[in-house]
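A short reminder: the numbers here are calculations on the coordinates, not readings from a lab. Keep in mind the model is a prediction, meaning the values are calculated, not measured. Cβ placement follows ideal geometry from the backbone for every residue including glycine, while neighbour counts extend to all protein chains displayed.
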Amino acid sequence: MVHTYLTIIVPAIVAFAIALAATRFLMGYMSESGVTTLDHNKKGKPTLPSGVGLAAAIGFVIGALVYVFGASFSLYIPVASLEYLLATLLAVMLISVVGLLDDINVKRRLTESTGMMDTRKGLKQWYKPLLTFMGAIPLMAINAGVSTVEIPFIGFVNFGVFYPLVIIPLAVIFAANAFNLLGGFDGILTGTGTILVFGMVLYSLFFGTYTGLLLSALLLAVLIVMLAFNLYPARMVPGDSFAYFAGTGIVSAMILGNMEAFGVIISIPFIIEFLLHASRKFNVTDLGKLKRDGTMQPPYGRRIYSWCHLIMNIKRCKEWEVSLYMWLIEAAFVALALGLKALAVL
């Protein structure tokens, strides 16, 4: 048992170390290359390096390859499917390239983006679902996951061939784009994502599979690095390369770890965020308007197009408080999902 856990802990430690080193490097590299964005929530709107989230993908991939290396050289008998693992790596690499293309579309002059002036332009909105489809192709090709899924209050449903050909691509496209919507405040996306993935680690540890635990542990390791550098006051912006990677990595872990039903529940905050943005055709900013006392004023008054707008309408918050309340919302859904699973097992 100890040996089995070491095959998870060691790759996770490597993933953490590589992500940390890559983050430090990319922060300087992106700044020098002009891949930056304005921090609209601070006085003076300081410029921060963007696209640093690529470091998370690099750490995740190398950490997973450490596991593959050990299995290939017979250091241990692999418990996780190497085929599934390599397909996941290809998926996150492809999707991270899409995110990087989005991040490096930076203009020399200020340009309008989602109703605000910024140097970062990004990809056109309709490009994103088309390009993020690439992240689903490797998982579709190997017929990943189990087509019989447990749905809360319904039971087990066999989706057959529709699972790899329809459900998986829709899940990847949705997760990559929905995860990208919640990112206007320091630490809000990285922190919320870390809590979500921590829930996946707990689920995999007590109820799930080894593959799910391995992928979740790798994700948790690199997300902790991202959170450390993106926590208020942020020193960098992870960007779309992080959001697309994290969304795809999370969905892959849910599929290969057979935790789809649990995954849906803990993803409800992101589902709601997606629907709120969709109500305004995604032409929405989560950012608040900074007031003299340091609190954030909701950008659309009483109209709610994001969790952030709701939080700012309920209570006068500083930037870090908006992120904190979002973390608590996600933690509540993780606790709910774990509680429902525990009751179902009992």
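Net charge around SER241, counting only other residues with Cβ within less than 9 Å of its Cβ (Lys, Arg = +1; Asp, Glu = -1)? Let's see the in-between values first.
Working: positive: none; negative: ASP102, ASP103, ASP240.
My count for the surroundings of SER241 gives -3.
For the chain, give the magnitude of the charge dipole about the Cα centre (Cβ charges: +1 Lys/Arg, -1 Asp/Glu; no others), in debye to the nearest 20. Numbers along the way, then the final one.
Details: 23 positive and 17 negative charges, 267 e Å.
Using Cβ point charges on Lys, Arg, Asp and Glu, the chain gives about 1280 debye.
At most 14 other Cβ atoms within 10 Å and a DSSP loop assignment: could you name the chymotrypsin sites (Phe, Trp or Tyr not before Pro) in segment 24-102 that fit?
PHE73, TYR76
Using R₀ = 25 Å, calculate the FRET efficiency as 1/(1 + (r/R₀)^6) where r is the Cβ-Cβ separation of LYS45 and LEU170; round to 0.05.
Numbers: r = 37 Å, r/R0 = 1.50.
Using R0 = 25 Å, I get an efficiency of 0.10.
If you keep only loop residues by DSSP, which trypsin sites (Lys or Arg not before Pro) in segment 299-346 have at most 15 other Cβ atoms within 10 Å of their Cβ?
Numbers: sites: ARG302, ARG303, LYS315, ARG316, LYS318, LYS341; in loops: ARG302, ARG303, LYS315, ARG316.
Qualifying residues, ordered by number: ARG302, ARG303, LYS315, ARG316.
Going through the cross-link list LYS45/LYS318; LYS42/LYS318; LYS43/LYS128; LYS43/LYS318, which pairs have a Cα-Cα distance over 22 Å in this structure? Provide the component values of the computation, followed by the final result.
Working: LYS45/LYS318 16 Å; LYS42/LYS318 11 Å; LYS43/LYS128 31 Å; LYS43/LYS318 13 Å.
Where the Cα-Cα span goes over 22 Å, the pairs concerned are LYS43/LYS128.
Pairs of Cα atoms under 8 Å, at least six residues apart: use those to get the relative contact order of the chain, whole percent. Show your work: numbers first, answer last.
Details: 589 pairs, mean separation 73.7, N = 346.
Reported as a whole number, the value is 21 percent.
GNM, the chain, Cα, under 10 Å: largest mean-square fluctuation among ILE195, ILE104, ILE268?
Looking only at ILE195, ILE104, ILE268, the largest GNM fluctuation is found for ILE268.
Between LEU275 and VAL161, what is the label-point separation in nm under the 7 Å Cα-to-beta-carbon projection?
Result for the modelled spin labels: 3.3 nm.
Using 0.36 nm per residue, how much length does the chain from ASP293 to ILE314 gain when fully extended, once their Cα-Cα distance is taken away? Can you show the working numbers first?
Values: separation 21, 0.36 × 21 = 7.56 nm, distance 1.71 nm.
Gain on stretching ASP293 to ILE314: 5.8 nm.
For the chain, find the longest principal axis of its Cα atoms and tell me its angle to the long axis of helix 240-256, 0 to 90°, nearest 10.
Tilt of helix 240-256: around 30 degrees.
If you average over every viewing direction, what projected area does the convex hull of the Cα atoms of segment 192-280 give, in nm²?
Numbers: hull surface 24.5 nm².
Mean orientational projected area (segment 192-280, Cα hull): 6.1 nm².
Taking Cα centroids, how far is segment 14-64 from segment 273-346 in Å?
Distance between centres, Cα-based: 24 Å.
What ranking of PHE162, PHE185, PHE174 emerges when the number of other C-beta atoms within 10 Å of each C-beta is taken as an exposure proxy, fewest first?
Going from sparsest to densest Cβ surroundings: PHE162, PHE174, PHE185.
Can you tell me how much longer the chain between LEU86 and ILE13 gets when fully stretched, taken as 0.36 nm per residue apart minus their C-alpha distance, in nm with one decimal?
Taking LEU86 through ILE13 to full extension adds about 24.4 nm, to one decimal.
Relative to the compact-globule scaling 2.2 N^0.38 Å, provide the ratio for the alpha-carbon radius of gyration of the chain.
Details: Rg = 19.5 Å, N = 346, 2.2 N^0.38 = 20.3 Å.
Here the Cα radius of gyration is 0.96 times the empirical estimate.
Which listed residue (ILE195, PHE185, GLY263) has the Cα farthest towards the positive end of the charge dipole for the chain, taking +1 on Lys and Arg C-beta and -1 on Asp and Glu C-beta about the Cα centre?
PHE185
Quick one: angle between helix 82-103 and the longest Cα principal axis of the chain, in degrees between 0 and 90, rounded to 10, please.
It is inclined by approximately 10 degrees.
Taking every DSSP beta bridge with both residues inside the chain, roughly what % is antiparallel (nearest 5)?
On the way: 15 of 16 bridges.
Roughly 95 percent of the DSSP beta bridges within the chain come out antiparallel.
Please determine, in degrees from 0 to 90 and to the nearest 10, the orientation of helix 210-230 with respect to the longest principal axis defined by the Cα atoms of the chain, where the helix direction is its Cα long axis.
The helix 210-230 is inclined about 20 degrees to the chain.
For the pair TYR29 and VAL68, what calculated FRET efficiency results from E = 1/(1 + (r/R0)^6), where r is the Cβ-Cβ distance and R0 = 30 Å, to the nearest 0.05? Display every interim value, and only then the final one.
On the way: r = 28 Å, r/R0 = 0.92.
Calculated value: 0.65.
Which residue fluctuates the most in the chain, going by a Gaussian network model with Cα springs under 10 Å, if the choices are ALA64, ALA178, ALA332?
ALA332
Considering only ALA19, ALA278, ALA144, give the residue with the highest GNM mean-square fluctuation for the chain, with springs between Cα atoms whenever their separation is below 10 Å.
ALA278
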